[in-house]
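Derivation of every value follows stated rules applied to the coordinates shown; laboratory data play no part. Please read these numbers as outputs of a predicted model, since none were measured by experiment. Please note: Cβ atoms are built from the backbone with ideal geometry, for glycine as well, and neighbour counts cover all protein chains shown.
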C-alpha cells in the first residue's frame, strides 16, 4: 500500500484517499506534506517553514506545487530516495518531480537542523523551476547552501588540511567530490557554497539577480556570467580560488598546526614527562651529593681547627 501511494505521490499528487491508514497529508498553498502519525508535529513545522519563507535569492517567486514526503524510519527513507543517493544524505530533492524526501523524528542531531535542510532542498526545486536542468552540480549545491544560509560550512575550510597542502579543485572537479565519501563531500559543499557567495558579492546591489536574468535568457552559466560580469568561467574560477586562499588558507594552516601540536603533545607528552622526572631526580641527587660534600668539608675543617687548638693548649701546659 505504501509503495502504491509513493508511486502515486511521485507521479501525480498525493490524494487523501490513496494514503495508508496511518498516514496523512497537510496541504497549504503550493505545499503538500505527507507524513505518518508519529511525525505529525514535525510535518506541521515543515509546512509552516516552507510557507513562511517561499522566496529565494535572485529568483522569481516559485509557483510549482511541491510534495514533501516525511519518511517514518531510516529503512523507508532509503527505499524512497533510491540506491543512488549518498548514505550521509539527510534529505533528497527530485527537481524534475518537484518532490522532496525528508527524515522523520528518527533523524540524528548530527544531521543538522531539519528546517535548514528543508530550505536547502526547496532551493534546489526553485532553481530548477526557474532555469531548468542547466545548472552545473557545483552551482546547484552551492546555491542551495547559500539560499539556506549554511554559513557554518565555512568552518570546514578553516580546518581543511587539504586546502593548504593539496590545493583547491576546479569548479568542475567539485562535482565528483559530492559522491566520494562524507568528508570530501563536506569540503565540496563548503567550496561550492563559497563560490556562489562570491558570485553574489560581485554585484552587491542585486546579488545573483542580474546573473539569473541573463542565465534565463542565454540558457547557460557561461554566457550569463560573461554578460553579467564580463568574466569567463575560467576567470571566475581563478578569482574564486584566490579569494578562498586569501580568506581561509592561513586559517586552515594555523588550525592544522594547532592540531599537529596537539597530536605531538599527546604522543610525545609521556616521553617528555619521563625525561623531566629523570632530570629532576638527577638534580635532586646532585643537590644531595653537594650537601653531603659540604657537610664533610665543614666537618673536616672543624676537626682540623680543633686539632690545632689542642696542640696549642698542650704546648702551654708542657711549657
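If packing is taken as the average count of other Cβ atoms within 10 Å, what order do 75-88, 182-195 fall into, highest mean first?
Most protected by this proxy first, the peptides run 182-195, 75-88.
Calculate the length of the line joining the C-alpha centroid of segment 178-245 to that of segment 105-156, in whole Å.
15
In Å, what is the Rg of the alpha-carbon atoms in segment 17-119, and how long is Dmax?
That works out to 13.3, 42 Å for Rg and Dmax.
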